[in-house]
Amino acid sequence: MLGGILCLKGAPGDIVWEQLYTDELRTFLEEHITLIYSGISRDSGINNWDVYKGFFDHNEQVRAGLGEIARISYKSYQAIKNKDYAELLKLIAQEGESRKLLSPGIVPDEINQFIQEASGLIDGFKMCGAGGGGCF
């Protein structure tokens, strides 16, 4: 992990940022998180458009999902500040589950199948936009 985690907090007329980094956090994340490149594009631009459109069209499922992600993000910030890294791992998995509700294509079928097959070996997963949307 290079640079740490960038925390952005919206404030009226401003964005407050904080760089979160400690060697302890880096070591914990390196020992507990694996980034997997699947090679499977999930058309993340289309999924992002679905989410934006759903928000502005007042889709209650999308709005609730985004609210849940905001809540989890704040709790993740608190977990990092309190050095409760085990809680952080749980929150990352929760955020991944919440993200799946925003658009049907967020998680490709092949990755869902992989996750089901690995269910006893992993505690959770989260899709991310790295690698053209093929990383989780």
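The values are calculated or read from the model by the stated rules, or taken from the named source; none is laboratory data. Not measured: the values here are computed from a predicted model. Here the Cβ positions follow ideal geometry from the backbone for every residue, glycine too, while neighbour counts run over all protein chains shown. Surface areas here come from the heavy atoms of the whole protein model, side chains and all, with no ligands, DNA or RNA. Shrake-Rupley method; radii C 1.70, N 1.55, O 1.52, S 1.80 Å.
Remarks
- Among the residues of segment 95-106, some residue qualifies, meaning at least one is in contact (Cβ under 8 Å) with a residue 60 or more places away in the chain and under 12 Å from the mean Cα position of the chain (by Cα).
- Subset tally (residues that are within 26 Å of Glu110 (Cα to Cα) and among the β-branched types (Val, Ile, Thr)) for segment 10-40: 4
- Residue check, Asp43 open to solvent by less than 100 Å² (accessible area, probe 1.4 Å), among the charged types (D, E, K, R) and at pLDDT 90 or above: no
- For segment 24-82, the tally of residues that are assigned to a helix (DSSP H, G or I) and of a type in the set (S, T, N, Q) stands at 8.
- Condition check for Asp123: farther than 16 Å from Ile5 by Cα and outside any loop (DSSP other than H, G, I, E, B): no
- Hits in segment 55-101 (condition: buried (at least 16 other Cβ atoms within 10 Å of the Cβ), more than 16 Å from Met127 (Cβ to Cβ) and of a type in the set (Gly, Ala, Ser)): Ser76, Ala79
- Test result for Tyr74, modelled with pLDDT of 90 or more, among the hydroxyl-bearing types (Ser, Thr, Tyr) and within 19 Å of Gly4 (Cα to Cα): yes
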